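Structure first, commentary second.
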Amino acid sequence: MKYTVSLKEPHLFRRLYAKGKSAAAGTVAVYVRPNHMRKNRLGLTVGTKVGKAVVRNKIRRRIREAYRIHEHQMTPGFDIVVVGRVRAAFASYAELERDLLRLLDKLGVRQREGRK
């Protein structure tokens, strides 16, 4: 990903959950907070309730790919955590992508016209 780095530190996830804006759909929940940097930081979580490791990794790969394809439309300077929910295990890629983009629009992270 060109404009995004991974978010891995547990304290950053906790801060986002506590102080960030959030929105949820059937397949994913998204938490967002400004980070005052020129890049976005993306964190992905999928709980063990969703399924075994193979299923959780598949959901993470799908979310990461949906974000990567539309990354050029994202406004820089946000920490973003996407939480895969139980329904994500049974959802198609198109449904997962649609929910993610709709939530990013709602939270003000996604721009209408892409940057190059």
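The values are calculated or read from the model by the stated rules, or taken from the named source; none is laboratory data. All of these numbers come straight from a predicted model, not from anything done at the bench. The protein model used for the area step is the full one, side chains on, heavy atoms only, and it has no ligands, DNA or RNA in it. Shrake-Rupley method; radii C 1.70, N 1.55, O 1.52, S 1.80 Å.
Keeping the other protein chains in place, figure out the carbon and sulfur percent of the accessible area of the chain, with a 1.4 Å probe. Mind showing how you got there, number by number?
On the way: 3510 of 6760 Å².
It is 52 percent, rounded to a whole number.
Do any of 21/52; 19/49; 2/52; 2/39 go past 20 Å between their Cα atoms, and which? Where the Cα-Cα span goes over 20 Å, the pairs concerned are 21/52; 19/49; 2/52.
Projected onto their three principal axes, the Cα atoms of segment 51-101 cover extents of 33, 20, 14 Å, largest first. Surface exposure of the chain, expressed per residue as accessible area with a 1.4 Å probe, stands at 58 Å².
Would you calculate a helix-derived [θ] at 222 nm for the chain, using -39,500 (n - 2.57) for each DSSP H run of n ≥ 4 and dividing by the full residue count, to the nearest 500? Don't skip to the answer; put the middle values down first.
Values: 3 runs with 41 residues, N = 116.
It comes out at -11500 deg cm²/dmol, rounded to the nearest 500.
For the chain, modelled as a GNM whose springs connect Cα atoms under 10 angstrom apart, the maximal fluctuation among 36, 70, 11 occurs at 11.
When Rg and the Kirkwood Rh are both derived from Cα coordinates, the Rg/Rh ratio for the chain amounts to 0.94.
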